[in-house]
Amino acid sequence: MEALAAAVDTQGADAIYVVGGDGTLRRVVTEILQHRENGVLPIGVFPGDYDNLSLRRLVPDVFESSRDVRRMCESAMALIQDERRNVNAFGFTVEGANSDIKPIYSVGDVGAGWFRHIEEKRRKLWYLGPLKRRCAYLWEMVKHSPEDMEAKLQYEEICPGCQTCHPPVLFEPPTWRWWHILTGSPRYPEDGTKKDYSNIVNENCGQIHEVDLKDTDLIIENNQQEDTSCLRVRMGGKGAGRYRVIADGWKRSANRVGATDNEQFYSTDVLAKAISLTFVRIPEFIHCLYVSSDLVDEKLDGKKINVKSTDRQIEMYLPNSFRVDIDSL
């Protein structure tokens, strides 16, 4: 699948349609951007996995509920009706001795901690049906006491756009041709897509901040904005204990997976252009890091994890809303 995604172009196909979840989409995006600067073919995604967090964040109104079968229909209709949107990917690398991890590109997230560990464990409890998630939180907290992770975070502050991070818009005069003697002077092209940042000054552009973290839950999300993207870094749940992890996990089981609805849970919540994360201490039992639900199979002690938002884009087929309102029928 990965080799096909990297090789196919407009000569052999009109689009790529991915059936799977976050991990499948991550592998397709990685292969494309490892071989090209930007995606050549638009990508459609059929939500065929447990969570599909990437789609939930891109179009929450459609993909938030995993019980609504209309989300599957809408993913196909977006392809049929040619509803496209450009999505910026982020890059993920690991620095350190003996690191074999190649650059990874994704439109999803990076996560670690007890909540992500339990969400992966629930897959083994499939025979419990709709109770598998609640039972996973209860059983894991009976077996283990949630110790905090410790990490050092360096992040570059996000800039909405200024003269430092955006090159000036160059004026390109139209080319003069001999027939313009008869038709008149050539017209200047009207390009409203390029915004001029030459007069905007942001003293905080490129500033590096350092934060010491000590919590039980870490999530780094790819945050899409109007014409660019950034990273949203959240870490919280310090000293949560068994009861608090179970209580918050059961609330997540009601409607969502990726993050809690409790605004007081996260003690760190920042928007960044790029981050560097070094784990000082991570409990051995949850010594795992996930990129779009795929496990990074490498020891993380003493290694710097780099995540950076990029301008490299993938064109995706994404619906805007449900076409049929069931409540009105």
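No lab work stands behind these numbers, since they all come straight from the coordinates. The structure displayed is predicted, hence computed values, not measured ones. Positions of Cβ are generated from backbone atoms using ideal geometry, with glycine treated the same way; all protein chains shown enter the neighbour counts.
For region 15-156, the relative contact order comes to 20 percent (Cα pairs under 8 Å, sequence separation of at least 6). Mean sequence separation of contacting Cα pairs (under 8 Å, at least six apart), scaled by the length of the chain, corresponds to a relative contact order of 29 percent.
Ordering of 292-299, 41-48 by packing is 41-48, 292-299, highest average first (other Cβ atoms within 10 Å, averaged per residue). Taking the C-alpha atoms only, the angle from helix 241-255 to the longest principal axis of the chain is near 50 degrees.
For region 1-151, the alpha carbon convex hull comes to 158 Å³ per residue, rounded to a whole number. When each of the peptides 131-137, 8-14 is scored by how many other beta carbons lie within 10 Å of its residues on average, the order from highest to lowest is 131-137, 8-14. Amide H to amide H, with H built 1.01 Å from N, Asn38 comes under 5 Å of no residue 5 or more places away or on another chain. Lacking any other cysteine beta-carbon closer than 4.7 Å, the following Cys residues of the chain have no compatible partner: Cys73, Cys135, Cys162, Cys165, Cys230, Cys288. Our helix-only sum for the chain, with -39,500 (n - 2.57) per DSSP H run of n ≥ 4 divided by its residues, gives a mean residue ellipticity at 222 nm of -7000 deg cm²/dmol. Residues whose amide H lies under 5 Å from that of Arg312, counting only those 5 or more places away or on a different chain, are Ala89; hydrogens are built 1.01 Å from N in the peptide plane. For Ser106, the residues 5 or more places off, or on other chains, whose built amide H falls under 5 Å of its own are Phe90. Only the Cβ atoms of Lys and Arg (+1) and of Asp and Glu (-1) were treated as charged; on that basis the dipole of the chain about its Cα centre amounts to roughly 860 debye. With R₀ fixed at 41 Å, the C-beta to C-beta distance from Trp176 to Met1 puts the FRET efficiency at about 0.20. Kindly identify region 197-329 as rounded, prolate or oblate by the Cα gyration tensor criterion: order the square roots of the eigenvalues as a ≥ b ≥ c, call it rounded if a/c is under 1.5, otherwise compare a/b with b/c, prolate if a/b is larger, else oblate. Oblate. Using a cut-off of 18 Å between Cα atoms, the listed pairs Lys152/Lys303; Lys132/Lys214; Lys152/Lys308; Lys121/Lys303; Lys124/Lys214 include Lys132/Lys214; Lys121/Lys303; Lys124/Lys214 as exceeding that distance. Cα centroid distance between region 1-29 and region 250-329, in Å? What the calculation gives is 22 Å, centre to centre.
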